[in-house]
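Engineer: A single structure is presented below for examination.
The values are calculated or read from the model by the stated rules, or taken from the named source; none is laboratory data. As the structure is a prediction and not an experimental result, all values here were calculated from the model. No Cβ is skipped: glycine too gets one built from the backbone with ideal geometry, and neighbour counts run over all protein chains shown.
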Amino acid sequence: MVTLGIETSCDETAAAVIRNGRILSNIVSSSVSLHEKYGGVIPEIASRFHIEYISQVTKKALKKARITFSDLDQIAVTEAPGLPGSLLAGKSFAKALSYSLGIPLVGVNHLAAHLYANFLVKNSPSVQYPFVGAVVSGGHTNIFICEGSFNDLAILGRTRDDAIGEAFDKVAKILGIGYPGGPRIEKYAKRFTHPLHTRAGFTKKSPVNFPRTYLDKDSFDFSLSGLKTAVLYYVKNRKMPRREISRVSWSFQEAVFDVLAEKIVKACKKFRIKEVLLGGGVIANMRLRARLKLVCKKLGYKLFYPPPALCVDNAAMVAGLGEVLLKKEV
Ligand code: KG4
Ligand code: ZN
């Protein structure tokens, strides 16, 4: 079976071709540079970009997969959640294509697709159900329990204000290091622990002790707004040379990851689950991956995360989940 996937939920216009679970092509065109000067995604700009580029991106995906439209058996498209105008651009395109080619179309949940990206990794060890799933992106910070079907993700906790990726983007804006904030904060944070940073002549500074917001002890929800405000007040009226930006980036990152790691472990312990699947743009962060790897190894949990290109928004994850949904296997 050959499946075309279409993803346009936010600022990435993406198309991918999958044949029986194997990725033949995965093309992403991002409007991120158009949003940079605003420090966040402007919905109207994102949807116009999708309308302009979706056809080209799809043709590129078919070409890379060395197929034509007539080779397609089915289409999967991101149905929700996402920016309404952006979703509409992808869904209208996919519907028109499925109608004109006379092939089935399936709508896919974007968050489930982020977790499904783990199944697209070649030779990955098999995932056992139930698992704890964490989707950590610019739009979402959700912890799920999946009992055995991707159609049936039970939500345990979510953010009450900013998503984690969104907080990275906003803190990067406060630090004046550009957009998207996640990769930039990660880069600055790395320098804080780099040996050159602490070589003779520089005094090694301790991290800033930013607050960890756990909310009440039984909650799996998140809140990032207090931490974001703490960074804002810390930076206000302070000189921020690059070394200080590195220090704040490291300290912010650790404050976020302490809470995230603790909530994932708490979910596993409470429901006696030993499998953890991660997905979403923030999971591309190497420090987060290393920290979760360590904690899961200690506790004997199996941890799965996709390669960075399948963590951020892409259409391969949509095509992959669409393929199984159309087979009604999950
Ligand atoms: O999954 P994604 O591409 O789009 C959404 O569904 O939101 O996630 C984008 C988010 C952005 O907020 C970006 O700053 C964050 O993921 N991100 C990262 C990293 N790479 C992307 N956050 C932390 N560290 C990274 N390396
Ligand atoms: Zn996403």
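Residue-by-condition table, conditions (1) surrounded by fewer than 15 Cβ atoms within 10 Å (Cβ to Cβ); (2) away from ligand 2 (no atom under 13 Å from the Cβ); (3) at positive phi; (4) free of Cβ contacts under 8 Å to residues at least 40 places away in the same chain:
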site: LYS63; (1), (2), (3), (4): yes, yes, no, yes
site: GLN74; (1), (2), (3), (4): no, yes, no, no
site: LEU101; (1), (2), (3), (4): no, yes, no, yes
site: SER126; (1), (2), (3), (4): yes, yes, no, yes
site: VAL132; (1), (2), (3), (4): no, yes, no, no
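Engineer: While we're on this one: Could you grab me the full set of residues in the stretch 258-312 that are in a strand (DSSP E or B) and within 16 Å of ligand 1 (Cβ to nearest atom)?
Structural biologist: Result: LEU277, LEU278, GLY279.
Engineer: Related question: Does the stretch 138-150 hold any residues that are over 16 Å from the mean Cα position of the chain (by Cα) and either over 27 Å from ASP11 (Cβ atoms) or part of a strand (DSSP E or B) (or both), and which are they?
Structural biologist: Once the filter is applied, which keeps residues that are over 16 Å from the mean Cα position of the chain (by Cα) and either over 27 Å from ASP11 (Cβ atoms) or part of a strand (DSSP E or B) (or both), the stretch 138-150 yields ILE145, CYS146, GLU147, GLY148, SER149.
Engineer: Within the bounds of the stretch 315-324, is there any residue that is at pLDDT below 95 and away from ligand 2 (no atom under 16 Å from the Cβ)?
Structural biologist: Yes, the stretch 315-324 contains a residue that is at pLDDT below 95 and away from ligand 2 (no atom under 16 Å from the Cβ).
Engineer: Hey, among the residues in the stretch 25-67 that are modelled with pLDDT of 95 or more, touching a Leu at 6+ places or on another chain (Cβ under 9 Å) and not in a helix (DSSP H, G or I), which one's farthest from LEU4 (Cα to Cα)?
Structural biologist: Looking at residues that are modelled with pLDDT of 95 or more, touching a Leu at 6+ places or on another chain (Cβ under 9 Å) and not in a helix (DSSP H, G or I), I get ARG66.
Engineer: I would also like to ask the following. Look through the stretch 271-283, keep the residues that are in contact with a Leu (Cβ under 9 Å, 6 or more places away or on another chain) and among the small types (Gly, Ala, Ser), and return whichever of them is nearest to ligand 2 (Cβ to nearest atom).
Structural biologist: For the stretch 271-283, the residue satisfying everything is GLY280.
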